Structures are given as C-alpha cells and as structure tokens.
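Heads up: the structure comes next, in structure tokens.
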4 protein chains.
Amino acid sequence: MVRIGLIGCGYWGPNLVRNLAELEEADLAVVADVDASKVRKLTRRYPFLRGTEDPGEILRDAAIEAVVIATPAETHFDLARRALEAGKHVLVEKPLAMNPDESRRLAELADRTGLTLMVGHTFEYNPAVRRLKALAREEAFGKTRYIYSTRVNLGIFRPEINAMWNLAPHDLSILFYLLDEAPVSVIALGKAFLKPGVEDVVFLYLEFPSGAVAHVHVSWLDPSKVRRLTVVGEKRMAVYDDLDSEQKLKLYDRGLESTLFVDGGIQDYQVRLRAGDILAPKIETTEPLRIECAHFIECVRDKKRPLTDGWSGHRVVAALAAADESLRAGGARTAVRVA
Amino acid sequence: MVRIGLIGCGYWGPNLVRNLAELEEADLAVVADVDASKVRKLTRRYPFLRGTEDPGEILRDAAIEAVVIATPAETHFDLARRALEAGKHVLVEKPLAMNPDESRRLAELADRTGLTLMVGHTFEYNPAVRRLKALAREEAFGKTRYIYSTRVNLGIFRPEINAMWNLAPHDLSILFYLLDEAPVSVIALGKAFLKPGVEDVVFLYLEFPSGAVAHVHVSWLDPSKVRRLTVVGEKRMAVYDDLDSEQKLKLYDRGLESTLFVDGGIQDYQVRLRAGDILAPKIETTEPLRIECAHFIECVRDKKRPLTDGWSGHRVVAALAAADESLRAGGARTAVRVA
Amino acid sequence: MVRIGLIGCGYWGPNLVRNLAELEEADLAVVADVDASKVRKLTRRYPFLRGTEDPGEILRDAAIEAVVIATPAETHFDLARRALEAGKHVLVEKPLAMNPDESRRLAELADRTGLTLMVGHTFEYNPAVRRLKALAREEAFGKTRYIYSTRVNLGIFRPEINAMWNLAPHDLSILFYLLDEAPVSVIALGKAFLKPGVEDVVFLYLEFPSGAVAHVHVSWLDPSKVRRLTVVGEKRMAVYDDLDSEQKLKLYDRGLESTLFVDGGIQDYQVRLRAGDILAPKIETTEPLRIECAHFIECVRDKKRPLTDGWSGHRVVAALAAADESLRAGGARTAVRVA
Amino acid sequence: MVRIGLIGCGYWGPNLVRNLAELEEADLAVVADVDASKVRKLTRRYPFLRGTEDPGEILRDAAIEAVVIATPAETHFDLARRALEAGKHVLVEKPLAMNPDESRRLAELADRTGLTLMVGHTFEYNPAVRRLKALAREEAFGKTRYIYSTRVNLGIFRPEINAMWNLAPHDLSILFYLLDEAPVSVIALGKAFLKPGVEDVVFLYLEFPSGAVAHVHVSWLDPSKVRRLTVVGEKRMAVYDDLDSEQKLKLYDRGLESTLFVDGGIQDYQVRLRAGDILAPKIETTEPLRIECAHFIECVRDKKRPLTDGWSGHRVVAALAAADESLRAGGARTAVRVA
C-alpha cells in the first residue's frame, strides 16, 4: 500500500480521489485545498479521508509517501519541487510547469533523488491512443506523414491562462507519444476576443526531426465540442474521435502512393489512389485516469520509470513555451529546445 | 438569347454544358477543346452542339457573344484576355489567373470595354452560403470574430498546381464574400509529401481589416471528405456543412460574452456562457452552378455587374499569390495587395 | 425533511441513493437488500446510511415516512402493498407490478389511504420528453398521427423477464404521457433466440382512442445502441434521440398535407409536401432522476398527486399484460383494459 | 448486340435509357410512352432513339429482341405477357405484377418459351447487398436470426397504390435474396392518414422456414430519409445503410451467445456478451442499375437464367399480396403461397 496525500480539490481533484479510492494498492489518506469548502465536500463524500486547508501539512507528514498535485498550473512547479525535496513521490497534473527551466529542474530533481515524478498526461493512458500508436507503428501503416488535432468546444474560459495552455497540453502529449519525438520548431497563431492577451483560439504548426508535421487547433469559442485527431501515414490513415462512442478509432486502409519514374530522361512522380476497408477496432473501456493512477502506484512500488515521467512533462512544457513565444511574435517560427 | 461558345471540355466543362443547355436564355452553340475525344463526347451527347479542336475558332466567330472558359488554370488569363479583346463577354473558372498582375489586367480590361467578366466562384451562388451571409449580417449574430474552413479528402492529385491552388479558391471566395472584405495579410504553412514542391496539405491564416481572422485547411491527403466552415460571431455561431444532406446550415444561438467591469479600481472581464437553440433553416435545393450560369446570362443581357466580377476574382488571386509567397518563405506573414 | 428508507441496492438503487442524498428535503436514513454485500457497498460510500438485510425492518420502522423500492419487478407489488399498508408513501420502480390486477389494487390502496404512490417512469421527468410534449400539443404541430420508438442495444440479457418487460415500460410510459391516453388494443410480435420463452426482440403495435397508432421496437440483440422516438403530426414532426448530445430533440416544420376536393362530382385527395426549418431547442440538462426524486418529495410533503401516480403505473402494466397475451397468441390483437 | 425497345419514359425510364445507352452490347433503338412529351424529352436528349406513343409498335417490331418495361405497376403483367408472347426477352420493373396468379403465369410463360424474363430488383445488383450476403453466409457470421429494415422518408405520395406496394418490394427482394428463401407467413399493420384506404405507414412481420424472422417499416410520412437494414446473426451482425457514403456496410464482430448447461439436474442457459471489432469493407461504386442492365444483356445473349428471374419476381408479389390481405384483415397472420 502506498500512502498518499492529494493537494487540490477543485475541478480535477475529485476524479483523482474517486480513482485512487478504488485502487487496492493506494491508501489515500489526506486531501488539502486552500478552499475549505472544497475539502469538506470530499471528506463528507469519503469519510475515511482527513482534510486540511494547509498543503504544507501533507508535505511535512512523514507517513505520506506520495503526493498527487491537482492545483492550478501556476503552482505545479513549487508544490512538486517541495514534495520531491521532502522525499515524496509525485504525480502532478499537466502542464508540469509554466516554463521549461522549471520543468527541467523538476525532471533533474527526480532523477537525482531517485523518486518517481509522473505527469498526468491522461491521454497517453487512453486505450484508444495506445492502440492508435500500435497501429501507426506497424509496417503496413507506413511512416507517419502528418497529424492534425482539433480540440474545441464552447467552454470554460480561463482568464489566467489562454486556450493553448489550457487545452493544447493534451494534444502535444499525444503527438509526442505517437511520434516518439519532440518537435524542432513551432509556429503559433491565435487571437484573443474576450479578454486582451488571453487567446481564445490558437493554431499550432509543428515540425519534427523525422520530417513529420502536425497541426493543432484549440478553442473554447466554438459551437460544438470536437475531440478529433487524424494521423496520415504513407500507406494507411487513422482517426481517433474521442466523442464517437461506437468507433473511437478508425483505421483506413487507403492512401495516395507516389512513385518516382524516369521516362526518356525525364523524372516524374506517378500518384496512385488506393481505397480499402475501414476497421474500427474494439477499444477497452477502462477509464484512462484509472490506468494512470494504477501506473503511478506501480511505478512507486516497483521503482519503475513512468511512461509520462518528468522529461515527458518537460518536452510538453518546452513546446508550449516556444509556442507562447511564437504567439507573442505574431507567428514567428520558434525553435523548441528540449535538451 | 445569348449565343455562347465554351472552351474546355474536361472535368468541369460538361457540368457547365449541362446547365447552359437547360437555360432558356442561353444558346450554347459550340464547344472547343484541344483534345478531340473530349469534344466528341459532348457533341455526341448534345447533338445540337458544334465541336472544334481550335479554341481560336470560337474567339474569331462574330456570332458568339459570350465565352465560357473551363480550361486548366494556367490558360485562364490568356484565353480570357483574347476573348475580351475580341469583344466577347466572359465567364471564366476560378482562379481567374495565376498571378495578381494578370487578374488585375483582366478586371481593368473588362471595366474599360464595358464587357461582362465573371469568375466561377460557384459557392457564392450556393443557397446555403447566401443564407449564411444573410444570417451572419443580422444584428443578433454580432460581429464575426473568426471563421475556419476545412476542405479535405482523399483526392485527385494535381501535379501541376498544389492543393492550395486547387482547393482554397473556394474557401477564399466564400470568406471574402461573407466578410465583405479582402485580407490584410496571410500566413501559409504546408508540406509536399508526394512530389517535391507540390504541397499536399496547406494551412492558411488570414487577418482582415475588421479584426476578424480566418483559418483554412486544405488537403487531398485525408481519410475522409470534409467540406465544413464555421463562423463564430459575437453572439451567435454558424456551421455550413456541405455534405450534411439534412442540415447543411446550422445556426447556434450560443456564445461566450465578455463584459468589462471595474471593481475597486481594478478592471477585469466577466465572461458568461450562453447556450440556446440550434436552427437548421430550410435551404433551397437549386444547383449552385445553375444559379451561376443564369446570373451570367442575366448580367450579359441586362448589362449588370456580376456578383463575382473581375475584381472579385482578382482579390482571390491576390490572396493566393501572397499565400504562395508565404509558403515559399516558410510561413512568413505576407501582405495581400489587392488595390 | 422526509425520512426515507430504500429497498433494493442492486443496479438502479445506487442511482436513487446518489440523487436522494443530494436533495435537501430528503433524509435518506436506511437502505436494505437481501444481499449484504450490496448493502455494505452503499453504506461504505455513504457513511450516514444505516444498512440492513431485512426489508421488513424498514417497513416496521415508525420513523420512516416514505419507502423507495428498487427491487426486481416480481417483488414490486408485495413490497409496495406492505409499505402502503404500513402507512408509508411509496416510490416504486417500473413496472409497478407484473399484472394489472395487482397494479390496480395498489392504485386503489393509495387512493383509499391518501398516501403518495408514485412509479419511477423516469422518462416522464426527462426535460427533452417534457419539451416534446409541449411542442406536440401546440396548434402548429397538428394532431399526432403516429409515433414510433426504437430501444435496442447489445445488452444485458434478463433470463427471468423478456426484452419487452425489461425495456418497453419506458416507451409505453412515454407514449401514454405524450398522447394523454391509454391504448385500446395492442399487437405484439417477437421471438426468443437465446432461451426458449424469453423474447429477445419484440415489436408492439398500439391503437389509441384518438385514432393515433404507435409502434415500439425493443431488443437486446442489436449491434448498436438506439434510443429514438419519432412523432408524426399533421403539420409538424419531431424526433427525440436520447443519444444525440447536441440535438436531443428536433422539431421538423415539414409534412404531407392532404386536402379533399370535388372535381366534376368526383371526390379526391390532393397531397402537398411542405418542407421547412428544423429546430433543435436547447434542453435543460438536469438529470431526469433528480427531477423525479424531487417531485416525489414534493408530492409527499405537499400531498400532491404525482405526475406518474399509481394509475399511470397501472395503465403501463395493463398494456404490457395485454402485449404479453398477444405475444403468447402469436400476435393476436388484444384489448387493453385499464379501467 | 441486343436490339432493345423500352416502354415507359416516366420516372424510372430515363435511368434505364441512360444505362442502356452506355452499354456496348445493348442497342437501344426505340422508346415508347403514351405521353408524347415524355417520349420527346428522351429522343431530344438521345437523338439516336426512335420514339412512339404506341407501345404496341415495339411489341410488333420483329427487329426488337428484348423489351424493357418501366410503366406503372398495374400494366406490368399485360405488357410483359404480350412481349413474351411476341417472342421477346423482357426486363420488367418491380413489382412483376399486382397479384401472384399473374406473376406465376409470367414466370411459367418464360420457362415454357425459353425467353429471358427478368425483374428489376435493383438492390440484388447493389454491390453492398451482394457483399452483405457473402458476409452473412460465412461460417463466422452464424445462422441469421433476424433482419429488420427501415425505408422511410417524406416522400412522393402515390394515390393509386400504398406505401407498401411502392416501397416494400425493395425490402422483400433484399430479404429473400439474403435468406435464400421465401416467407411462410406475413403480418401487416398500417394506417392511412392522407387518403382513406391508401396506407402511408406499414409494418410487416415475416416468418421464414429456417426460423428467421424479419421486420419491415415503410413510410412516406417521416421527417427524415432512412434506408437501413440490420442483419443479426448468431455470431456476428451487420448493418447496411444506403445513405452512409463512407460506411455503407458495417460488419460487427459482436453478439450474445447462449449455451445450454445442466447443473444438478436443472437445465439453464448461460448468455455471454462478446464485443469485437467493426469492419466497414470497401464497396465497389458501380451503379447497381448498370450492373442490372449488363446482367440482362448477358442473360439474353448467353441464354442464362437471371439472378432475379420470373420466380424471384413472383415470390415478392406473393408476399406483397399476402401482406395486403393481412393489412385488410387488421393484421391477421397470413400464409404466403409461392409454389
């Protein structure tokens, strides 16, 4: 049993509590939030929980082995750092930090101390995304040419961060997971309609070392909710639609294939359209957050490196920071520095 | 009756022939194409048509009042210029020309001669697009904040032009029509996967004098066909989905509304989500190309300026040329010069 | 505050507990189930609850004013009767009983004692169904001609009852609510594929005093989940699709209208197709079960007759019993006797 | 080359002309219709066609080898009989006749004379339906348990026949083709709203010798167009949706499987839910009518028996006639006599 304290009882915290409470190996003992009413709501629902308004109480509690952090993004770095320094394993919500210096420091701190540092990139624990990666890795899929993702809805406006920092961490973590690489550069374009300086709509264009490119469209100013990602490979294509209850994942056995030929000394390309079957594989319905929480416990217990470790969190933060810089510079191509 | 000759019997020509043949006011008399087999196919189907392999024959025929041009884009300028110089009214397929110098010269030539020059921006004659504009102009819709359009499919690769020149003229003509303005600048990003230098996937980001922005995603390398455009207004939103047979147009009475308030000397924005009904207005089912052809005949007969005149064609060409320049420069923000 | 005991902690019970626990006016005090493990699951989650394996304990407890029954259908009659005889108000899950003699006895018992007897026809508390009824009652909708409903999925097989008794109570309660009448007759056709005598697929055809007819298709042997009901009025039509998150309810301003005319002594009908807009009204998102529970508390407290009282439960049971008889008789038209 | 005359230039005739005109082996020479304007419309469009207002002219023309009949259903029998008696091969639209005596006489006449008699059950030539049959015949699909079909829309009211005679021939021909058998009995329920005696909505329930059952819902009084058929097999299921452009056919590798077991002398059934992948096979896009016309020519030329011969047409007519009888008798189970 891993004894756990959770900090942050707001929007996402209760989901973590629900999942941790049902995991046999986890012993969630205490929850903290500066807002007492949020603490009370959880302790009333889960009477075995102790509540506190002082997060420091968790960090100082020698009996707590692991800390789960679900506070506003601006506080992630400080809380995660203090928890690691107090010798505790950490699961922190995305984004890991608000700038790459901080995220790198956390990743290094975890490496140095040998403690588990895991970032809550939930989608990397989503069975549909995992299956998508397995399919896209197959010889029959061909090299991934490009990926585009749309994550829009009429949503909760976050005055302190913009739609990119709010929504795009999901897309970026999926992209880097699928491609197994961090981007070389990013171009970000967007506009603030509701409050100056807080972009409601952002478009990202990313270039990768492999030659793949990706596009991300995030917005909280859209008539409909869309959560859709398309992967175009050299031979096959795939669509992951998180809102399609029957066909979350579709694999298209179709594509345009190009062949170089030489005719009388002249080189040219012959392009052939191939259209085949569509397969919607059965996707396991386990809640991704459950898989994520179980993975965290397992990593702590068995001293395994998490799938979404500090460095994974860092490359997302590095890309977001570069994108933010590009956004401020009106869409200038900006290098993403991960190392 | 307007006596008409048509040049270009390939992909789009037969659609024009079918529509012109059924218009009472039009007297389509002759069709030309350098490919004799294409000419023959049409004259066999429409035995009242005369066929020729020499487009010049139409241009020299004094009895022909109007010329319809549906040849490859590279030939538009030359044929349209010769037709206007021969004193003939002209309906030319989009894009009007391959660069803004040529498109401006054509627009000026039409103005000088008093002849009708019309560009085949079919979507501006589409009843759904017309209705969309009427709705977006209403007080209740509010100012248009942004528009994004997706025009992708697994499609016909065009080695001589890229996916942008092939597909985006539609989106740009719709955008400019809806907003009643040409863009200030454009950023174009894309990539060629099948043949070096011929982009298969292009993303455009456009900024307008009114403050509106627009995004266009075109590709012929996609698993599914999508033809969807979303307009986000200050109070309402609309989606035009050309492939939705039951609800081509949806008007969403919902939005995020932002109010500036001052509290103790501090200014801030309060954002309120409003969610209301969705209305899918009945859309007239007349074929847009039929409306377009009838409009051309009417303009010639009544000496009216067409909705999509030479200057309308020119601003699309100017935007495409600026986008092409941006694409070559790796996404540099490029001014669109229409005047 | 109404002091409540709940009997039946299986599939549906926990949903009732969750909703009752969050209602201010309800004081859910004790839960009972013959299966101790189900009781424990709830008391652990809601530590303020007392648990018992003996439902009789609740019925004998003088402090309990109201009893909520969510046990298997076969036990509804006996438990509801005992609760009413013990002077308690009762909310019982659908179907109210397994035959119309029993359901009538319960309705009469409630009338005689002045106690609240309410049946859990949840869909009558569903905001989309309520709105549908309001729309279908409007002059502009015209008289309802016919309704058809599909409730199929690949589902939980219930060996003790068939798909009709399991699924159709929902459809029948919606139909009778929408039409404000009970049917005159029913024809039921179906087939048992998995276990002899237990129909997996059933089709019902109902005739109403007003002249309206209805068709219901239920099955737990279907590739996809469908929950869709179509109402065809003389002037308008409506579709209620419970699985459509964006457009749960659609009102179609279209129809075929028939006019009788006399031409030279010969009578005939002229039929005209009218196609207009589609409206998807905004539907309140409150959970129907919450509204149902609140309504029960309100009825108990204010001595109001519930929307879904014993007689409402009775007419559904009477229709099911007639349908069962028709099913056994191979689809014979069978009278529904409600009075 | 087979020399052909076509009788009936109304709604469906032009589609047959278009397809026959493009078939190399067919020599469509003459078209007839009692309405001269309809004849003229076709001869103007296809100048190689001779036109006549007298169908008898075609029947008497010794040079005509085959006659295609696309007239109103009431005239099918008489025209087909006369054509066969005149020694001509016949392709006649569905339904083959208006009663089973007539349809049997035609089938027998064709057998006796050795002439080709083919009925235009277009869906049996539809690549999606053919593929569906191939899939449903596989061992892995299991025995077909039941099929249901929905063919509704807001449609063209036909005062002379009802929605069943107008629409259900399609469904019945598909059902009999898929199951390779004719039904034992039929129950038909429906109602006339627009004109007394002309049912706008009809539900059919059919029982087959193999134990399979089928349900058909036809209506021209529906808000939306639906063309969907579901086949439920013992191991797999399939959906054919003619309006789904991307996934016309879906094969579901899922089902409920039932096993009989004996436990302590008691027999019971264990039911297991199995959920697997969904496959949407690539469907050839050739127009079904083209395949049908080519098949007719091939049968005439090679003296082959058509897939949809007179007996195939007869069993559809026999089922419709029995259904009509059931409808008049208020849904009485009515035997279908094919032999």
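Scanning the range C:20-57 for residues that are under 21 Å from C:K94 (Cβ atoms) and surrounded by 19 or more Cβ atoms within 10 Å (Cβ to Cβ) yields C:L20, C:A26, C:L28, C:V31, C:A32, C:D33, C:K38, C:P55.
The residues in the range A:77-101 that are under 16 Å from A:M118 (Cβ atoms) and under 15 Å from the mean Cα position of the chain (by Cα) can be counted, and the count is 7.
Highlighted here are the strands (runs of 3 or more DSSP E) found entirely within the range A:196-290 that include at least 1 residues which are in contact (Cβ under 8 Å) with a residue 24 or more places away in the chain and surrounded by fewer than 19 Cβ atoms within 10 Å (Cβ to Cβ): A:221-233, A:249-263, A:266-280. Among the residues of the range B:311-323, are any within 30 Å of A:T230 (Cα to Cα), of a type in the set (S, T, Y) and modelled with pLDDT of 95 or more? For the range B:311-323, residues within 30 Å of A:T230 (Cα to Cα), of a type in the set (S, T, Y) and modelled with pLDDT of 95 or more: absent.
Residue by residue through the range C:107-131, note down the ones that are surrounded by fewer than 16 Cβ atoms within 10 Å (Cβ to Cβ) and basic (K, R). Scanning the range C:107-131 gives a single hit, C:R112. Scanning the range C:310-332 for residues that are among the charged types (D, E, K, R) and either outside the structural domain of C:V184 (by TED's automatic domain parsing) or crowded, with 19+ Cβ neighbours inside 10 Å (or both) turns up C:R315, C:D324. When B:E74 is tested against the conditions (1) in contact with a Phe, Trp or Tyr (Cβ under 8 Å, 6 or more places away or on another chain); (2) farther than 30 Å from D:T43 by Cβ, the lone failure is (1). Just one of (1) touching a strand residue (DSSP E or B) at 6+ places or on another chain (Cβ under 9 Å); (2) within 26 Å of C:A335 (Cα to Cα); (3) not polar (S, T, N, Q) fails for C:L132. It is (2). Every condition in (1) of a type in the set (A, V, I, L, M); (2) surrounded by 24 or more Cβ atoms within 10 Å (Cβ to Cβ); (3) under 30 Å from D:Y252 (Cβ atoms) holds for D:A134 except the one numbered (2).
State whether one or more residues within the range A:253-269 are in the same structural domain as A:D180 (by TED's automatic domain parsing), at pLDDT 95 or above and either touching a Pro at 6+ places or on another chain (Cβ under 7 Å) or not hydroxyl-bearing (S, T, Y) (or both). Yes, the range A:253-269 has at least one match. For the range A:193-206, the candidate set comprises residues that are more than 10 Å from chain B (Cβ to nearest Cβ) and farther than 28 Å from A:K133 by Cβ; within that set, the residue that is nearest to the chain's Cα centre (by Cα) is A:E199. For the range D:324-339, the set of residues classified as at pLDDT 95 or above and either assigned to a helix (DSSP H, G or I) or more than 14 Å from every other protein chain (Cβ to nearest Cβ) (or both) consists of D:D324, D:E325, D:S326, D:L327, D:R328, D:V336, listed by residue number.
Based on what the data block shows, is D:S224 at the interface with chain C (Cβ under 9 Å from one of its Cβ atoms), farther than 24 Å from A:K282 by Cα and not aliphatic (A, V, I, L, M)? Against the criterion (at the interface with chain C (Cβ under 9 Å from one of its Cβ atoms), farther than 24 Å from A:K282 by Cα and not aliphatic (A, V, I, L, M)), D:S224 qualifies. Of the residues in the range D:144-165, at least one is among the basic types (K, R), outside the structural domain of D:N99 (by TED's automatic domain parsing) and at pLDDT 95 or above.
Of all residues in the range D:58-85, those that are assigned to a loop (DSSP other than H, G, I, E, B) and either surrounded by fewer than 18 Cβ atoms within 10 Å (Cβ to Cβ) or outside the structural domain of D:L16 (by TED's automatic domain parsing) (or both) total 3.
Across the range B:169-191, the number of residues qualifying as within 14 Å of another protein chain (Cβ to nearest Cβ) and of a type in the set (A, V, I, L, M) comes to 5. With respect to the conditions (1) under 30 Å from D:G13 (Cα atoms); (2) within 12 Å of chain C (Cβ to nearest Cβ), D:E292 lacks only one, and its number is (2).
Rundown of residues vs (1) on the phi > 0 side of the Ramachandran plot; (2) more than 8 Å from every other protein chain (Cβ to nearest Cβ); (3) not charged (D, E, K, R), yes/no style:
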position	(1), (2), (3)
C:F208	no, yes, yes
C:V213	no, no, yes
C:W220	no, no, yes
C:V232	no, no, yes
C:K250	no, no, no
C:L256	no, no, yes
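Checked against (1) among the small types (G, A, S); (2) on the phi < 0 side of the Ramachandran plot; (3) in contact (Cβ under 8 Å) with a residue 24 or more places away in the chain, C:A62 passes all but a single condition, namely (3). Selection over the range C:122-148 of residues that are under 16 Å from the mean Cα position of the chain (by Cα), touching a residue at least 40 places away in the same chain (Cβ under 8 Å) and more than 12 Å from every other protein chain (Cβ to nearest Cβ) gives a count of 10.
Restricting the first member to the range B:307-323 and to residues that are among the small types (G, A, S), and the second to residues that are assigned to a helix (DSSP H, G or I), the beta-carbon pairs closer than 6 Å and six or more apart or on different chains are B:G310/B:L106; B:G310/B:A107; B:G310/B:A110; B:G313/B:S103; B:A318/B:P100; B:A319/B:L172; B:A321/B:P100. When C:R104 is tested against (1) among the basic types (K, R); (2) surrounded by 20 or more Cβ atoms within 10 Å (Cβ to Cβ); (3) over 20 Å from the mean Cα position of the chain (by Cα), exactly one condition is not met: (3).
Applying the criterion of being more than 9 Å from every other protein chain (Cβ to nearest Cβ) and not hydrophobic (A, V, I, L, M, F, W, C) to the residues of the range D:151-168, the residue that is farthest from D:A321 (Cα to Cα) is D:N153.
Taking C:E24 as the residue in question, decide whether it is under 30 Å from C:P100 (Cβ atoms) and at pLDDT below 95. So C:E24 fails the test.
The values are calculated or read from the model by the stated rules, or taken from the named source; none is laboratory data. Predicted, not measured: the structure shown is a model, and the values here were computed from it. Note that each Cβ is placed from the backbone with ideal geometry, even for glycine, and that neighbours are counted across all protein chains shown.
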